[in-house]
Every structure is written in structure tokens, then in C-alpha cells.
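The values are calculated or read from the model by the stated rules, or taken from the named source; none is laboratory data. Please read all numbers here as calculations on a predicted model, not as lab measurements. Neighbour counts are summed over all protein chains in view; Cβ atoms, including those assigned to glycine, are modelled from backbone coordinates with ideal geometry. In case anyone asks, the SASA skips ligands and DNA or RNA and just uses the protein heavy atoms, side chains included. Shrake-Rupley method; radii C 1.70, N 1.55, O 1.52, S 1.80 Å.
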Amino acid sequence: MLGVLMACFAWALIIPMSLTTPPSMLLAAVFVTGLAIFGAAMMLVLWVAVSPSLALGAAWWRTALLLTVSLALWAPTYGWAERGEQPWAWLAGFAIAACALITWQTGIVAAVVLGTAASIGGIVFDTAIAASVLTALGCALVVMAMCQAFVWLLRLLWAAQAGRAAQAELAVAEERLRVSRDLHDVLGHRLGIIALKAELAADLTRRDPAQAAKESEGIRKLANDTLVEVRRAIHGETTADLATQLQAADLVLRSAGIEASIDADREVLPRIPQALSRLLAAVVREAVTNVLRHSDARHVSITIADTEPFISLIVVNDGVREAARSEVSGGTGLATLSARCTAMGAHLIVDRQADKNRFEVKVECRHDSGWSR
């Protein structure tokens, strides 16, 4: 769409060049240079027009720049125009249309300034005043009407992409916050206890070596337990179970504008062992994060099924990009989850279907795998 928009405004350079005849090669080169500067100024205006976040200051100074360059081309374009032609009026029309695509205020300013210049040009160079003004304003109106839909769609597309990127960053930030919170909960009081026990062991070293050794053994055991808890916190095993994670996934996906369908029987979830519930919650969290960061998905389905002899989790999205396939396959998130599933008696399957633009993550675990509640 951006290419089509640029192609429409390329006529602002082609028409004046074809309807003017500079008197020498040197002046022709100067005129072409001026048109190139005009084209660059118009591209700056169009860039502001299609940007999702409009900076008012940038809009006005770029509008002023375009009007200045247009007025600088006023005399040579009128003076070198072929008989009966209105090349500067066409140039002014495209400039007015570009400014009007930013806001109606900038369009009105451009129309007044360049429309006035067109009428003055008709007087000074003895051409039809009405034809010059009508050509400029008519060209502006037609071009603006043709390109307004493109500008609106481009703004919408860029805004959607920015929103998806922001949502992905938010998901990552929330995960970091969760890890920091869990680590604080795990490490806070345990490190305090370790410090107190270390002071006690140091005091007892000379007075009661046996008790000091006992305290040192307690410190070692507490440190090992803390390390285990830290690892669990990093993997999210200390917080959300499957039911909680499904609710969070539904909220995050819908907040990102992605339709989410979750099929989980309320009678099935309570029957899932706690360790398996935490594992499946980690898979859901990783799959949803990948959707936000690596896909253009419009729909995500999450299914929990209890069909003998398996309990299964299936997460499917319909928007995997080509670039994302290599990122996901080369990343560590799903690979780490696959190793965790294997170690815990489950099996993780990743199915990529390029022709259907479909990405599926499936976890299967047998009822007789020895899960402890």
C-alpha cells in the first residue's frame, strides 16, 4: 500500500517535467534538482501522514518546507511552461493533497497559500487564472480522495503492529516481574536465616565445635533447598497452576486483539495431578508468549482433553510467519520445555504446517506415568 501511495505522488514530478521546456541544459539540470528536492519534501510530508503517532510539530515544519520548495519552483515552472499548459498548478495540487492527508488544517493552509500563488501566476504570466486555480484545487481534491483510504489503512496497520509489539514487550515484562517477585519471596527470608546461622556457627567454632558443625550442616541443607526453590521459581513452578494460567492466557490474548478459545472441562482440571498441572501451565505460558512475539495470529485455541489413556494439551495458532519459524525452532523456550516434559514422563510435539500457516504445540502424558499429586 505504501508503494501504491508513493506511485500516485510520483506524478507530481513527472507532469511538471513533461510540460516545461527550460531554455538550456544547465537550467534544465537546475530545474530537475529543484523537482528532486520537492519530491523529498513531499515524501517527508507523506511519512508524517501515514505514521500512526502524529507529531504536530513535525507536521507543521514539514508542511512549511514543502510549501517553501513549491513556491521556489513557482517562477521557473510558470516561465518555462509549454503554451497553454499549467505545470505548476499540477505540482501545487499534489502538494496540497499531501498536506491535506496529514490534517485538514494543514490542507487548508496549503490550499490558501498555493491557490493564491496559482492565481498570481495567472496574472503575472498572462495565463488563464481560473484554469490555473481550478487545476490546482481539482488535482488536490482528486488525489486526496484516492489516497485517503491508503493512508488510513497504513496508519491502522502500523498502529496494530505497534500494539502487538507493545503487548509482547508487556508479556516479557510481566514474566520478568513474576520471576523477580518469586525470587524475592524465595531468597528474602532464607538468605536472612543463612546469614544468622553463619554468624552463630562462627561464634560456636571455638566454644562448641560440634554445635558449629551442626549449624554449618544446617546452612548447607538450607542453601541446597534454596537453590531448588530458585530453579522452581525461574520455571514458574512456584505460582500458577493450569487453571490460573489458562485464565491469564485468555486475558493476555484478548488484550492483544487475538481471538482465544479455551476448551477445558471443569471436571478434568481438578483431576490433573499438581506436578502435571504446573508443567502444562508452563507450556501454555511459553506457547502464548511465542504467539505474541513471533506470530501474526488472529485465533488461538487451547484444548485440554482427558481421553484414555492420555491427558493432552493442544495449543494452536493460525499466524506463524516464515521468519518466526526459524526463530522458534532455533530458540530455547520450547526446547527447554521439551526436555522438561521428557524428564517428567510427558511428550511435547511441535507441528508446523507452512501451507496452512499453522503452528501447534501438543503435550501428551499417560495416566499411568506415576504423577504425584
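Listed values, structure above:
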item: Residue among Leu153, Leu177, Leu170 that is within 30 Å of His294 (Cα to Cα), open to solvent by 50 Å² or more (accessible area, probe 1.4 Å) and modelled with pLDDT of 80 or more; result: Leu170
item: Meets criteria (outside any helix (DSSP H, G or I) and out of contact with any Lys or Arg (no Cβ under 8 Å at 6 or more places or on another chain)) for Glu169; result: no
item: Residue list for the stretch 114-135, filter: among the β-branched types (Val, Ile, Thr) and open to solvent by 40 Å² or more (accessible area, probe 1.4 Å); result: Thr116, Ile120, Ile123, Val124, Thr127, Ile129
item: Every residue from the stretch 304-324 that is open to solvent by less than 30 Å² (accessible area, probe 1.4 Å) and either in contact with a Pro (Cβ under 6 Å, 6 or more places away or on another chain) or modelled with pLDDT under 75 (or both); result: Val320, Ala324
item: Condition check for Ala64: free of Cβ contacts under 8 Å to residues at least 40 places away in the same chain, within 24 Å of Ala36 (Cα to Cα) and surrounded by 14 or more Cβ atoms within 10 Å (Cβ to Cβ); result: yes
item: Residues within the stretch 254-288 that are part of a loop (DSSP other than H, G, I, E, B) and within 15 Å of Thr244 (Cβ to Cβ), tallied; result: 2
item: Test: residue in the stretch 202-215 that is part of a helix (DSSP H, G or I), open to solvent by less than 50 Å² (accessible area, probe 1.4 Å), of a type outside the set (Asp, Glu) and modelled with pLDDT of 70 or more; result: yes
item: Tally, over the stretch 88-113, of residues that are crowded, with 24+ Cβ neighbours inside 10 Å and of a type in the set (Val, Ile, Thr); result: 3
item: Those residues of the stretch 11-41 which are in contact with a Phe, Trp or Tyr (Cβ under 6 Å, 6 or more places away or on another chain) and open to solvent by less than 60 Å² (accessible area, probe 1.4 Å), in sequence order; result: Ala12, Ile15, Thr20, Pro22
item: Subset tally (residues that are modelled with pLDDT of 90 or more and buried (at least 24 other Cβ atoms within 10 Å of the Cβ)) for the stretch 69-87; result: 2
item: Failed item in (1) open to solvent by less than 60 Å² (accessible area, probe 1.4 Å); (2) touching a Ser or Thr at 6+ places or on another chain (Cβ under 7 Å); (3) at pLDDT 90 or above; (4) not aliphatic (A, V, I, L, M), with Gly138 passing the rest; result: (2)
item: Subset of the stretch 291-303 (residues that are open to solvent by 10 Å² or more (accessible area, probe 1.4 Å), outside any loop (DSSP other than H, G, I, E, B) and either in contact with a helix residue (DSSP H, G or I) (Cβ under 9 Å, 6 or more places away or on another chain) or of a type in the set (S, T, N, Q) (or both)); result: Arg293, His294, Ser301, Thr303
item: Qualifying helices (runs of 4 or more DSSP H) (wholly inside the stretch 13-117; at least 3 residues being under 29 Å from Arg155 (Cβ atoms)); result: 25-50, 56-72, 87-102
item: Test: residue in the stretch 360-370 that is of a type in the set (Lys, Arg), under 26 Å from Ile258 (Cβ atoms), in a strand (DSSP E or B) and modelled with pLDDT of 75 or more; result: yes
item: Neighbours by Cβ (under 9 Å, 6+ apart or cross-chain): first from the stretch 214-229, touching a residue at least 24 places away in the same chain (Cβ under 8 Å); second among the small types (Gly, Ala, Ser) and surrounded by 15 or more Cβ atoms within 10 Å (Cβ to Cβ); result: Ile219/Ala201
